[in-house]
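What follows is a single structure, written as structure tokens, with notes after it.
The values are calculated or read from the model by the stated rules, or taken from the named source; none is laboratory data. These figures come from a predicted structure and were not determined experimentally. All Cβ positions, even for glycine, are placed from backbone atoms using ideal geometry, and neighbour counts span all protein chains on display.
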Amino acid sequence: MPEPVGITSLPDQRYKIVSKEGATFTIMVAGESGLGKTTFINTLFQTSLKPHQDPTERHNKFQSAQETVEIGIVRAILEEKNFKIRLNIIDTPGFGNNVNNNDSWTPIIDFIDDQHESYMKQERQPLRTNKKDLRVHACLYFIRPTGHSLKPLDIEIMQRLSTRVNLIPVIAKADTLSPAELDTFKTRIREIIEAQDINIYTPPLELDDPASAEHAKQLIESMPFAIIGAEEEIEISPGKFSRGRKYPWGVVEVENDEHCDFKKLRSLLLRTNMLDLVLSTNEIHFENFRSTKLGADEEENEDELKEELTNEKGEVVKKPSITKKPRRLHNPKFKEEEDQLKKFFTEQVKAEEQRFRQWETNIINERNRLNQDLEEMQLKLKNLEEQIKKLQLAKR
């Protein structure tokens, strides 16, 4: 039998390259405050990646009628069996906490688009060795466990996110619902997602691998994932500890499939579909943004070139230029701050004008006083001169 050529060693070579370079993975967590996003992230990676915010600061922060949605980034390097992964956690505190939540999703959408645009600009540079990639590979949207239905705000933001990122819906704090309520809630969410045409991430089915296909099918059937987060380990039996929560009626285990879908979600994110999340972000979402962006730039350039046209009589006619709709880089909170600044500026101007008028009045009064003193001195001088003249005439 002839000796093999050796092309089968390519996967081993590729494995060595990937093991040496490591990988970059970015997860975004979005949803209303108080749904356990920080706890879930720390539970997922079994380490305190993101510190918990002080409850007093959190409550003081949202006293305003409208609060800006902030974007928080946590970076970490995790290593397991000599393989390093550069992890980026994108948190969106403040979302859904406003009295008026119109356009509250704008900072989140803008952040995702900005990362695509930044990566596209780096691709155009002559040197591309030190590219910084902060594109979101998976977005976990946390749903409040109401047991009824999705809020209009949830539907709106999920529709916008699903066209830009791999969206994975998650039911937070699933231990607050009974199994029957949870199944009903999941069914309603699936129906709304289908009716509203929301594209959520679906693991690919590999038909040539029955075990992998069966696992992917289980993941698809479990969506939206019902999860429970817990950072502390509790004793579930003598000498056996597990992450979970202890209640008077019993113990809820995080890694128990009968209690929640945490293990399935972790498998989707880290063990079986991480590469597919990265590739789909690059090949689908980034390419869609890139083609849309470059197509819009091309149309804009063509409009500028065709701005001057010639009619049938040979006369040059200027075509009205098409103005591109400016992108909104603000939310209602900025309008409130702008009004406050305008009010403060107006008050400062009035105060300065009043101070200037007082200063002008004081100067006029001082000038009048000095003029009066000058007249008195001139009168005294004139009297003295007359007295001198009288004395000189008397001596003669």
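Across region 144-154, which residue is surrounded by the fewest Cβ atoms within 10 Å (Cβ to Cβ) among those that are over 16 Å from the mean Cα position of the chain (by Cα) and closer than 23 Å to D175 by Cα?
Only one residue tops the list, namely H148.
Which of the residues belonging to region 190-201 are surrounded by 12 or more Cβ atoms within 10 Å (Cβ to Cβ) and either in contact with a Ser or Thr (Cβ under 8 Å, 6 or more places away or on another chain) or more than 18 Å from G147 (Cβ to Cβ) (or both)?
Within region 190-201, I192, Q196, I198, N199, I200, Y201 meet the criteria.
Quick check: anything in region 208-215 in contact with a helix residue (DSSP H, G or I) (Cβ under 9 Å, 6 or more places away or on another chain) and hydroxyl-bearing (S, T, Y)?
Yes: one or more hits.
Hey, D208 hits all of (1) in a helix (DSSP H, G or I); (2) out of contact with any strand residue (DSSP E or B) (no Cβ under 6 Å at 6 or more places or on another chain) but one; which does it fall short on?
Of (1) in a helix (DSSP H, G or I); (2) out of contact with any strand residue (DSSP E or B) (no Cβ under 6 Å at 6 or more places or on another chain), only one is false for D208: (1).
On the given criteria, is K264 assigned by TED's automatic domain parsing to the domain that holds E123, assigned to a helix (DSSP H, G or I) and modelled with pLDDT of 80 or more? Break it down stepwise before answering.
Working: assigned by TED's automatic domain parsing to the domain that holds E123: yes; assigned to a helix (DSSP H, G or I): yes; modelled with pLDDT of 80 or more: yes.
Yes.
All but one of (1) assigned to a helix (DSSP H, G or I); (2) within 25 Å of T39 (Cβ to Cβ) hold for I236, so report the exception by its number.
Condition (1) is where I236 drops out.
Residue check: is D133 at pLDDT below 90, in a helix (DSSP H, G or I) and either more than 14 Å from the chain's Cα centre (by Cα) or within 24 Å of N288 (Cα to Cα) (or both)?
No: the conditions fail for D133.
Which of (1) within 29 Å of Q46 (Cβ to Cβ); (2) touching a Pro at 6+ places or on another chain (Cβ under 9 Å); (3) surrounded by 16 or more Cβ atoms within 10 Å (Cβ to Cβ); (4) not aliphatic (A, V, I, L, M) is the odd one out, the single condition C139 does not satisfy?
Result: C139 passes all but (2).
Does any residue of region 83-97 turn out to be exposed (fewer than 14 other Cβ atoms within 10 Å of the Cβ), at pLDDT 80 or above and in the same structural domain as S267 (by TED's automatic domain parsing)? Show your work before the answer.
First pass over region 83-97, keeping only residues exposed (fewer than 14 other Cβ atoms within 10 Å of the Cβ): 83.
Next cut, at pLDDT 80 or above only: 83.
Those still in the list that are in the same structural domain as S267 (by TED's automatic domain parsing) too: 83.
The answer is yes; a qualifying residue exists.
Go through region 165-189 and report how many residues are in a loop (DSSP other than H, G, I, E, B) and in contact with a Cys (Cβ under 9 Å, 6 or more places away or on another chain).
Of the residues in region 165-189, 2 are in a loop (DSSP other than H, G, I, E, B) and in contact with a Cys (Cβ under 9 Å, 6 or more places away or on another chain).
Can you pull out the residues in region 211-227 that are in a helix (DSSP H, G or I) and in contact (Cβ under 8 Å) with a residue 60 or more places away in the chain?
S212
Within region 1-14, track down each residue that is assigned to a helix (DSSP H, G or I) and among the acidic types (D, E).
D12
Restricting the search to region 15-37, which residues are assigned to a helix (DSSP H, G or I) and either under 19 Å from the mean Cα position of the chain (by Cα) or outside the structural domain of I143 (by TED's automatic domain parsing) (or both)?
Matches in region 15-37: K37 only.
Looking at K333, is it at negative phi, within 43 Å of the chain's Cα centre (by Cα) and modelled with pLDDT of 90 or more?
no
D175 - would you say it is farther than 26 Å from K293 by Cβ and charged (D, E, K, R)?
yes
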